[in-house]
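Some notes on the structure that comes next.
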Amino acid sequence: MAYLYDSENIFAKILRGEIPNATVLETDHTLAFRDITPQAPDHVLVIPKGPYVNFDHFAMNASDAEILDFNRTIGTLCKMLKVQPGEGGNGYRLIANSGEAAIQEVPHMHMHILAGRPLGRMLNPA
Ligand code: 5GP
């Protein structure tokens with residue numbers, strides 16, 4: 001089944017400037033902004049500007065330039081947030097909830113960057 005992108009999702013509205021956001025970094029292909037309900041002192045959402053529903057949709061369909069830009073932007077954000085473990089930071093977690101099992105709420109591909117407190121183990125028991 002092909003993915004259908006809902007252009008009325010909240011992140012599409014943010015990208016069109018219809019809803020305000022606290023931008024941390026913007027590039028040609030990528031936007032990063034603060035999560036409205038932060039789960040950690042640093043909680044940044046990183047989204048491609050293209051119409052991708054989730055991580056695998058993005059990874060399989062985005063251009064090389066989009067994928068490179070997205071990943072490089074995450075690296076830049078880790079530096080900006082001073083969370084790089086090799087550079088004196090305390091580390092971070094990346095999460096890309098995709099689909100029902102992961103309880104993805106917004107159907108536009110996004111990576112959470114979480115940092116600024118101990119984050120516990122990877123998953124809670126089911
Ligand atoms: P998901 O559960 O889909 O991985 O995460 C969606 C995230 O989007 C949630 O952490 C939620 O707090 C965040 N979010 C939902 N609506 C808005 C909004 O209008 N603005 C911002 N900045 N974040 C939002």
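Please treat every number below as a calculation from the coordinates, not as lab data. All of these numbers come straight from a predicted model, not from anything done at the bench. Cβ sites come from the backbone with ideal geometry, for glycine too, and all protein chains shown count toward neighbours.
General observations
- Within the range 68-103, considering residues that are assigned to a loop (DSSP other than H, G, I, E, B) and under 12 Å from the mean Cα position of the chain (by Cα), the one farthest from V24 (Cα to Cα): S98
- Residue that is surrounded by the fewest Cβ atoms within 10 Å (Cβ to Cβ), among those in the range 1-12 that are hydrophobic (A, V, I, L, M, F, W, C) and more than 13 Å from the ligand (Cβ to nearest atom): M1
- Residue list for the range 86-109, filter: more than 16 Å from the ligand (Cβ to nearest atom) and touching a helix residue (DSSP H, G or I) at 6+ places or on another chain (Cβ under 9 Å): E87, G89, G91
- As a summary of the residue check, N61 satisfies the conditions (1) farther than 23 Å from R117 by Cα; (2) surrounded by 18 or more Cβ atoms within 10 Å (Cβ to Cβ); (3) of a type outside the set (D, E, K, R) except for the one numbered (2).
- Of the set (1) of a type outside the set (S, T, Y); (2) out of contact with any strand residue (DSSP E or B) (no Cβ under 9 Å at 6 or more places or on another chain); (3) surrounded by fewer than 16 Cβ atoms within 10 Å (Cβ to Cβ), all apply to M122 but (2).
- Any hit, the range 48-67, residues being over 16 Å from F11 (Cα atoms), of a type in the set (V, I, T) and either touching a Leu at 6+ places or on another chain (Cβ under 6 Å) or part of a loop (DSSP other than H, G, I, E, B) (or both): no
- Exactly one residue among L15, L25, L31 is of a type outside the set (F, W, Y), closer than 26 Å to L119 by Cβ and within 13 Å of the ligand (Cβ to nearest atom), and that residue is L31.
- Within the range 104-115, tally of residues that are assigned to a loop (DSSP other than H, G, I, E, B) and closer than 16 Å to V24 by Cα: 1
- Among the residues of the range 40-64, those identified as under 16 Å from I74 (Cα atoms) and of a type in the set (V, I, T) are V44, V46, I47.
- Residues of the range 1-47 that turn out to be of a type outside the set (S, T, N, Q) and not in a strand (DSSP E or B), as a count: 26
- Residue pairs meeting the criteria (Cβ under 9 Å; at least 6 apart or on separate chains; first in contact (Cβ under 8 Å) with a residue 40 or more places away in the chain and within 9 Å of P107 (Cα to Cα), in the range 2-14; second within 15 Å of the ligand (Cβ to nearest atom) and hydroxyl-bearing (S, T, Y)): Y5/Y52
- Pairs where the first residue, in the range 93-109, is surrounded by fewer than 12 Cβ atoms within 10 Å (Cβ to Cβ) and the second is part of a loop (DSSP other than H, G, I, E, B) and not acidic (D, E), C-beta under 7 Å, 6+ apart: I103/N97
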